[in-house]
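Scroll down for the structure; my scribbles are underneath it.
The values are calculated or read from the model by the stated rules, or taken from the named source; none is laboratory data. This one's a predicted model, so the numbers in the text were calculated from it and none came from an experiment. Cβ placement follows ideal geometry from the backbone for every residue including glycine, while neighbour counts extend to all protein chains displayed. Side chains included, ligands, DNA and RNA excluded: accessible areas come from the protein's heavy atoms. Shrake-Rupley method; radii C 1.70, N 1.55, O 1.52, S 1.80 Å.
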Amino acid sequence: MTLTASLLYDTGLWRARDLNGRQTASCDPSQSTGFSQLDELLVNGGWPRAALVEVLCDRYGVGELRLLASGLTRSVRDAYWTVLINPPCVPYAPAFQALGINVHELMVVHPSTHQEALWSFEEVIVSGATQTVLAWLSENDLQDKQLRRIQAKSKEHEVFSVLFRPLSVEQLPSAAELRLKIERQTIDRKLVLSIIKRRGGWRVADLEIDLPWGPTATDSQRTRQLLADWERTRRDMKAVTV
Amino acid sequence: MLWFGLHLPFLALEVFEQREIKDQGLPAVVTDTQQVFCANESARAAGIRLGANLATARSLVPELTHHPRNQEAESQRMERLVMTAYEFTPYVSVADFDALLLEMEGSLKLFGGVNHVRRRLRSRFGRVGHRIAIGVAHTPRASLAFAKSGAGATWPDFPEGSEIERIGLQQLDATSLDCLELEPKVRERFANMGMRKVGDIVQVPRHELRKRFGNELTEYVAQLTGERVDPWEAEQPLEVFSERLHLIDPVRGKDEVLEPMEHLAKVLSKWLGRLNLGVRRLRWGVYTFEGDGAAFEVGFEQPRHEVSDIMAITGLRMETVDLPGEAMTVALDTLRTSHLGLKWVERDVLGQTLTRATPSHELLDRLTARLGDTALQRFCILDDHRPEFAWMPTDQADARDASITVPELGQRPLWLLEPPMRVRAGHLHIVSGPERIQCGWWDHEQHRDYFVARDRDETWCWCFRDMKGWFVHGYFA
C-alpha cells in the first residue's frame with residue numbers, strides 16, 4: 001500500500017473528488033455491504049470499519065439484520081463475540097448459525113436499566129473481544145453526549161457498533177457516522193432505504209436494494225387456494241359433527 | 001528415600017507472635033497446667049527448665065511473660081506450615097504436634113542439593129516466624145531424632161541411595177538416646193545399663209531387646225535403622241480456601257473495605273500458586289461485629305490466580321452489593337477451583353505470567369460481575385426440528401457440534417418470539433408455505449403448519465397454524 005493509500009485508509013481522510021461515492025484506491029473489499037448500490041455511496045466502499053452506525057426502523061422483520069449481514073459476519077483481529085444488547089426478540093440460534101455467525105460467539109446482554117445498558121455497551125466496545133455490537137437502547141433516556149461517547153469509543157477500539165432507533169429521531173442530530181433509515185420492504189424482497197447521514201456526501205433518499213436471500217412470495221396463489229380449501233373442509237366437518 | 005525431619009522447638013511460643021519479646025529477648029514461657037511447657041532462650045538462660053512450676057519460674061524471673069498453651073492455635077499453625085512445606089515436596093506428613101516430615105529425594109535436584117534445601121527451609125520458615133531444627137536421614141524416625149538432637153552430619157549435595165543409608169546409620173550410632181521417642185522409664189533403664197547412644201542399642205541382638213523391653217521398642221528401633229519400613233501418610237492439601245480477617249478497627253464504606261479484601265486476595269493468590277490452582281468461583285463476606293452483613297459470589301470464566309484479576313472482577317461485583325456500614329470481619333472462601341494446565345502458568349524471564357485471561361473471557365466475567373448471572377445469555381444449537389427445541393441457552397462455550405445441520409439461509413427467521421404470539425388470521429397475508437413440522441411425540445408434541453406471511457405493517461413473519469389457531473413465531477429481520 002502506498003503512503004497516500006495508507007493515509008486514506010487509516011486516517012479517515014478522503015479526497016474531494018471521491019465525494020459522492022466513487023470508489024477510491026483505499027477501498028477495502030472486505031468492508032463491502034454486499035449491495036453495490038450502497039457501496040458506491042459510502043466512503044471506502046462499504047461499512048465503516050470502526051464507527052457507530054444508526055439504523056432507523058420502527059418494526060422488526062423488515063430486513064434490518066439482512067441489511068447488516070456482511071458487517072456482522074466479517075471477522076476482525078482475534079475478536080470473538082458478536083454482542084446483542086437488549087434485543088427486541090430472541091435471536092434464533094440456528095438461523096444465526098446459517099448466517100455464518102458461530103452461535104457460541106453470540107452473546108445477548110439484558111441490562112435492567114439504561115445506565116447498565118450504556119455501561120455494558122462501552123464495556124463491550126473497549127474489551128477488545130468484540131467485532132460487532134448491536135444495541136437497542138431506551139430512547140427516552142438516550143442523550144446526545146452518550147451517542148458521541150459511543151461513537152468515539154467505537155472509533156478508538158475499531159468496533160462496528162450498530163444502534164437501532166425509531167424513525168421519530170430522524171430529525172434529531174446524532175454523532176453516528178452513518179445513519180440509515182429503512183423505509184419499507186416491498187413484496188418482491190427489495191429494501192427501500194434512505195441515507196440520512198454519511199461521510200463524504202449528502203443525504204440520499206429512496207435507495208432500492210435487492211436483499212439477496214430471505215423468504216419469497218412464491219406460489220402465494222396456490223397457498224391461498226390451499227388455505228381456502230382447508231377452511232371449507234373444516235367448516236364442512238364442523239357441520240357434520242353438529 | 002531421603003527424609004527431612006523438621007522440629008519446631010518454639011512453636012508453642014511462636015503462635016503468640018510477640019514481636020516485642022522476640023526483639024528484645026525478654027524471657028517468656030508457655031505453660032501447660034501451671035508447668036513450663038516451652039521457654040525461650042532468655043528464659044532458659046535465667047535458669048527456667050521445662051516442666052518447672054510456674055511459681056518457681058516466676059521466682060527466678062519476676063518480669064516473666066507467660067501464656068497458657070493454646071493447642072488449637074498450634075494445630076492451625078501446623079496446617080499452614082504443611083502448606084508452606086508443600087513448596088518443597090508433595091510428601092509432607094505431620095509427625096508430631098511440633099514436627100514435620102518431608103520426603104525430599106525427588107525434589108533435591110530442583111532445589112540444588114541437601115545443603116541448599118536446609119538453608120532454604122530455614123529461611124522460608126524464618127519468614128513466617130518459626131525457627132526450625134532440621135535432621136536429614138534415611139528413615140523418617142531417624143530424621144526426627146536428628147532434628148531434636150540438633151547435631152547435623154555433613155551431607156554431600158546429591159547423596160546416592162547406599163550413601164544415604166551409610167551416613168544415616170553412622171550418625172544414628174552417635175545420637176544420644178535422649179533424642180528418641182522413649183518413655184522416661186525406659187530411658188532410665190538404658191542409662192542404668194550404661195547405654196547412652198543409639199549405637200549401643202542397635203548392637204544388641206533383637207531378640208534380647210524384645211525380651212527385655214517388649215515388642216514396641218524393638219519395632220521402633222527397627223524403623224529407626226531402616227530394617228523395617230515405616231509408612232507415613234502424606235497430608236493431602238486442602239483444595240478449599242477459607243480465610244477470615246478480623247479487623248481491629250472497623251472499616252467504613254467500599255473504598256476502605258477494599259484494603260483488607262486485597263490482603264485476603266493476596267493470601268489466596270499465594271495459596272493458589274502453591275497448589276497450581278486457579279479459582280473459578282469465590283465468595284466474599286463482609287460482616288459487622290454482630291455477624292450480620294453481606295456475602296456475594298464472584299465467578300470467573302477461566303481459572304484465575306492473579307490478585308489483580310481477582311480484584312478487578314470483585315470491584316465490579318461490589319458496585320451492586322449493599323455492604324454493612326461498619327465492617328469488622330472480611331471473609332473469603334473458594335467455591336470452585338480447577339487445576340491450571342501448564343499453559344496458564346508459563347512465565348517469562350521477568351517472572352510474569354505470560355498467558356493471562358483472554359479478553360473474551362474477561363468481558364464475560366466483567367459483565368456477569370456487574371449485571372448479574374442472569375443478564376447474559378449464550379446459546380447452543382440442538383438437533384431438533386421443533387423451533388423451540390432447536391436451540392438452548394447455555395453457559396458452556398464448547399465448540400459447535402458439526403453434525404447438526406443448520407437450516408438453509410433465509411429459510412428460518414432471525415428473530416424468534418418466545419412464546420409465539422397469537423394473532424387473528426385476517427391480519428396475515430400469506431405469501432408462502434405451508435411447511436409442516438410434526439415432531440416430538442415423546443415430550444412436547446407439535447403439529448404445526450408454518451407459513452411465511454406479511455402482516456399489516458408489511459413485516460415478514462413466520463407464523464404457524466395449529467389446533468389452537470394462528471400464531472406468529474418469528475420475524476425475518
Selected residue [open to solvent by 50 Å² or more (accessible area, probe 1.4 Å) and at pLDDT 85 or above] from B:Arg424, B:Arg448, B:Arg454: B:Arg424
Failed item, numbered, when A:Glu208 is tested on (1) modelled with pLDDT of 90 or more; (2) acidic (Asp, Glu); (3) closer than 28 Å to B:Arg436 by Cβ: (3)
Any hit, the range B:286-297, residues being in contact with a Lys or Arg (Cβ under 9 Å, 6 or more places away or on another chain) and of a type in the set (S, T, N, Q): no
Residues located in the range B:191-214, provided they are assigned to a helix (DSSP H, G or I), hydrophobic (A, V, I, L, M, F, W, C) and over 46 Å from the mean Cα position of the chain (by Cα): B:Ala191
Count of residues meeting criterion [open to solvent by less than 10 Å² (accessible area, probe 1.4 Å) and more than 7 Å from chain B (Cβ to nearest Cβ)] in the range A:102-129: 3
Residue that is assigned to a helix (DSSP H, G or I), modelled with pLDDT of 85 or more and open to solvent by 50 Å² or more (accessible area, probe 1.4 Å), where the choices are B:Arg141, B:Arg119: B:Arg119
Identity of the residue in the range B:56-67, surrounded by 12 or more Cβ atoms within 10 Å (Cβ to Cβ) and in contact (Cβ under 8 Å) with a residue 12 or more places away in the chain, that ends up farthest from B:Gly129 (Cα to Cα): B:Leu60
Qualifying strands (runs of 3 or more DSSP E) (wholly inside the range A:160-242; at least 3 residues being of a type in the set (Val, Ile, Thr) and under 15 Å from the mean Cα position of the chain (by Cα)): A:190-197
Filtered residues of the range B:357-374 (kept if open to solvent by less than 50 Å² (accessible area, probe 1.4 Å) and acidic (Asp, Glu)): B:Asp365
Number of the exception - A:Gln97 against (1) touching an Asp or Glu at 6+ places or on another chain (Cβ under 9 Å); (2) open to solvent by 20 Å² or more (accessible area, probe 1.4 Å): (1)
Any hit, the range A:143-160, residues being among the aromatic types (Phe, Trp, Tyr) and surrounded by fewer than 20 Cβ atoms within 10 Å (Cβ to Cβ): no
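Among strands (runs of 3 or more DSSP E) lying entirely in the range B:25-112, which contain 3 or more residues that are in contact with a helix residue (DSSP H, G or I) (Cβ under 9 Å, 6 or more places away or on another chain), farther than 27 Å from B:Gly161 by Cβ and hydrophobic (A, V, I, L, M, F, W, C)?
Filter on the range B:25-112 gives B:28-32, B:35-39.
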Residue match in the range B:70-88 (condition: open to solvent by less than 70 Å² (accessible area, probe 1.4 Å), at pLDDT 85 or above and charged (D, E, K, R)): yes
Every pair of residues 6+ apart whose Cβ atoms lie under 8 Å, when the first sits in the range B:412-427 and is farther than 10 Å from B:Pro387 by Cβ while the second is of a type in the set (Phe, Trp, Tyr) and open to solvent by 70 Å² or more (accessible area, probe 1.4 Å): B:Trp415/A:Tyr60
Residue count for the range A:43-69, restricted to those that are more than 13 Å from chain B (Cβ to nearest Cβ), out of contact with any helix residue (DSSP H, G or I) (no Cβ under 6 Å at 6 or more places or on another chain) and modelled with pLDDT of 85 or more: 3
B:Gly253 vs. criteria under 42 Å from the mean Cα position of the chain (by Cα), at pLDDT below 85 and open to solvent by less than 50 Å² (accessible area, probe 1.4 Å): yes
Qualifying residue in the range B:404-415 (condition: touching a strand residue (DSSP E or B) at 6+ places or on another chain (Cβ under 6 Å), at pLDDT 85 or above and within 11 Å of chain A (Cβ to nearest Cβ)): yes
